[in-house]
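Chemist: Submitted below is the structure of interest, expressed as C-alpha cells.
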Amino acid sequence: MLKKILFVSVSLVLLSSCGKSDRVTLVESTGRINHILIVVKNSHWDGKVGDELKAIIGEPMAGLPQEENQLSVNQVDPLTFNSLFKRHRNILFVGIDTLSNFYTNQDVYASPQTTLTLLGKNKEELIENIRSHKEDIINVFKTNDLALYQRKITKDFQDPKNIETLKNFGMTMKIPFSYKKVEDTGDFLWYRHDFERGLLNIIAYEIPYFGDPISEQEMISYRDSIGKNHIPGQFDNTYMKTEPQFIPVTREVQFANTTAIESRGLWFVEGDYMGGPFLSYTFKDTDNRRLIVVEGFSYSPGAKKRDFVFELEAILKTVKLE
C-alpha cells in the first residue's frame, strides 16, 4: 500500500510537469542537515523493525570526542503523514508490500528533497532488506545533504588563484569568504572561521614522499610537526597535537577523481585544555614526491561537534586536482 501511494504521488508530479506551461512549483523543503523523517507504522517502530533501524541510525559517527549519531531522526506513522511532514527534505519510507524493494526518488513533495523507500513482503523480509541496505540508508541522505550544504556555504568563496599554497599544490578548493586567512606561505595554508560557539579551521600542507608506505604513526608525527611549527596555542610553548589516547579512524575514499585517505581523529593543545575533532584527506603527488594533506579541525567547547565536522567535510570535498 505504501509503495502504491508513493507511486501515485510520483506519477502525478511527473504528469503535471510534462508541459512547459503546466510545470508544478513544489514548496521549499524543510529540515536540518543530518536529519531524516522515518515514515513507518508505530507498531513496527516499537518492534523489531524499529530496533533494526535504530541500530543503524544509532551507529556513532567516527572521530568525535563524545558519541553522536550519524543522523538525527523523527518518526511518524503513515496515517499521520500529512502536508506538514511532506515538506521534510529527507524522508525514509519503511513498510510491508507485495514485493521487497529499495529505491530513491527526488523532489516528490517538495524541493530539494530525497525520499528512500524500503519494502518487504513480510516483517522478516523487511528486516533483511533493511540489513542489506544499512550503508545505503546512511549514504543516500548524507551524500545529498553534503551536496546541498556545499551549494549553500560555497556560493561566495575565496578565489583559489589568489591562494599561493593551493596554486603550488596544483589544486583548487572553495573556501567560503566567512573563513579568513591566517597564513598562506606557499607550502602551508590556514583559514579560520570565528563564530559564536567556537572556531572552524581549514589547513593544507605537504609531506615528503618517496614511494615507500608511510605508517599511521609517521603520519601523526608529521601532523604534530605541522602543529608545532604553524598552529600555536594561546600561551607560550603550546601548540596543536594529535590526541594520543585516540587512534585516528582511516579509510580509502574516492573523490576529486582520485583516491584519498580519509582520517578522522582528535586533537589537543600541548600544555593547554583546548581540543576537538579533525578530518583530513591525503592525496599522493608522485610526480613531485610528496603527499598533499587538506584538513579541517573544529573547536566548539560545550557544543555538539557532528554538524561542524560536516561543514568542514563539505568544504574539503570541493577540492579539485589540476
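The values are calculated or read from the model by the stated rules, or taken from the named source; none is laboratory data. None of the values given here were measured: they were computed from a predicted structure. All Cβ positions, glycine included, derive from the backbone under ideal geometry; neighbour counts span all protein chains shown. Each accessible area value is taken on the protein alone, full model and side chains, heavy atoms only, with ligands, DNA and RNA left out. Shrake-Rupley method; radii C 1.70, N 1.55, O 1.52, S 1.80 Å.
Chemist: Provide the gained length on full extension for the span ALA55 to ILE247, in nm with one decimal, where the gain is 0.36 nm per separating residue minus the Cα-Cα distance.
Modeler: Extra length available between ALA55 and ILE247 comes to 66.7 nm.
Chemist: Here is a follow-up. When only C-alpha pairs under 8 Å and at least 6 residues apart count, what is the relative contact order of segment 193-264, in percent?
Modeler: The value is 16 percent.
Chemist: With r defined as the distance between the Cβ atoms of SER225 and ASP46 and R0 fixed at 56 Å, what FRET efficiency is calculated, to the nearest 0.05?
Modeler: Efficiency at R0 = 56 Å is approximately 0.60.
Chemist: So how exposed is HIS193, as accessible area in Å² (1.4 Å probe, rounded to 10)?
Modeler: 40 Å²
Chemist: Compute the FRET efficiency between THR258 and GLU196 as 1/(1 + (r/R0)^6), taking r as their Cβ-Cβ distance and R0 = 45 Å, and round to the nearest 0.05.
Modeler: Step by step, r from the Cβ atoms, then E = 0.80.
Chemist: Tell me, in nm to one decimal, what length is gained between LEU321 and THR25 on full extension, where the rule is 0.36 nm per residue of separation less the Cα-Cα distance?
Modeler: Computed gain between LEU321 and THR25 is 102.8 nm.
Chemist: Between GLN158 and residues 5 or more places away or on another chain, which pairs have amide H atoms under 5 Å apart, with H built 1.01 Å from N, and which residues are they?
Modeler: Hits under the 5 Å cutoff: ILE175, PHE177.
Chemist: Taking all protein chains in place and a 1.4 Å probe, what share, in percent, of the accessible surface of the chain do carbon and sulfur account for?
Modeler: 50 percent
Chemist: For PHE235, tell me the accessible area in Å² from a 1.4 Å probe, rounded to the nearest 10.
Modeler: About 120 Å², ignoring ligands and nucleic acids.
Chemist: For ARG290, what residues show an amide H to amide H distance below 5 Å, using hydrogens built from the backbone and excluding near sequence neighbours?
Modeler: TYR209, ASP285
Chemist: What does the accessible area of TYR222 come to, in Å² to the nearest 10, when a probe of 1.4 Å is used?
Modeler: 90 Å²
Chemist: Give me the distance in nm between label points sitting 7 Å out from Cα along the Cα-to-Cβ direction at VAL73 and LYS155, one decimal.
Modeler: Output for this residue pair reads 3.3 nm.
Chemist: Separate question: To test your reading of the geometry: what angle, between 0 and 90 degrees and rounded to tens, separates the Cα axis of helix 134-153 from the longest principal axis of the chain?
Modeler: 60 degrees
Chemist: Across segment 295-312, in residue order, what do the Karplus-derived ³J(HN,Hα) couplings come to in whole Hz, using 6.51 cos²θ - 1.76 cosθ + 1.60 with θ = phi - 60° and x for Gly and Pro?
Modeler: So the Karplus estimates, Gly and Pro as x, are 9, x, 9, 10, 9, 8, x, x, 10, 5, 9, 3, 6, 5, 5, 4, 4, 4 Hz.
Chemist: Provide the per-residue ³J(HN,Hα) series for segment 99-113, in order, calculated from phi with Karplus coefficients 6.51, -1.76, 1.60 and θ = phi - 60°, each as a whole number of Hz, with x at glycine and proline positions.
Modeler: 9, 6, 7, 8, 7, 10, 9, 10, 6, 7, 10, 8, 8, x, 8
Chemist: Please calculate how many Å² of accessible area the chain carries per residue, with a 1.4 Å probe and no DNA, RNA or ligand atoms counted.
Modeler: 53 Å²
Chemist: With only alpha-carbon atoms counted, please give the Rg and Dmax of the chain, in Å.
Modeler: For the chain, the Cα-based Rg and Dmax read 22.5, 68 Å.
Chemist: Now for a different question. Between PHE177 and GLU125, how high is the FRET efficiency from 1/(1 + (r/R0)^6) when r is the Cβ-Cβ distance and R₀ = 35 Å? Nearest 0.05.
Modeler: Working from the Cβ atoms, E equals 0.10.
Chemist: Students sometimes get this wrong: rank MET219, MET240 by accessible area, probe 1.4 Å, all chains present, largest first.
Modeler: Solvent-accessible surface, decreasing: MET219, MET240.
Chemist: Ordered by residue, what ³J(HN,Hα) values in Hz, to whole numbers, does segment 231-244 give under the Karplus form 6.51 cos²θ - 1.76 cosθ + 1.60, where θ = phi - 60° and Gly and Pro are x?
Modeler: Computed from phi, the couplings for segment 231-244 are 10, x, x, 7, 10, 4, 6, 10, 6, 6, 9, 7, 5, x Hz.
Chemist: Provide the gained length on full extension for the span ILE214 to THR104, in nm with one decimal, where the gain is 0.36 nm per separating residue minus the Cα-Cα distance.
Modeler: Once the chain is fully extended between ILE214 and THR104, it gains 35.6 nm.
Chemist: For each pair in LYS54/LYS241; LYS167/LYS317; LYS284/LYS304, compute the distance between the two Cα atoms and list the pairs where it is over 25 Å.
Modeler: LYS54/LYS241; LYS284/LYS304
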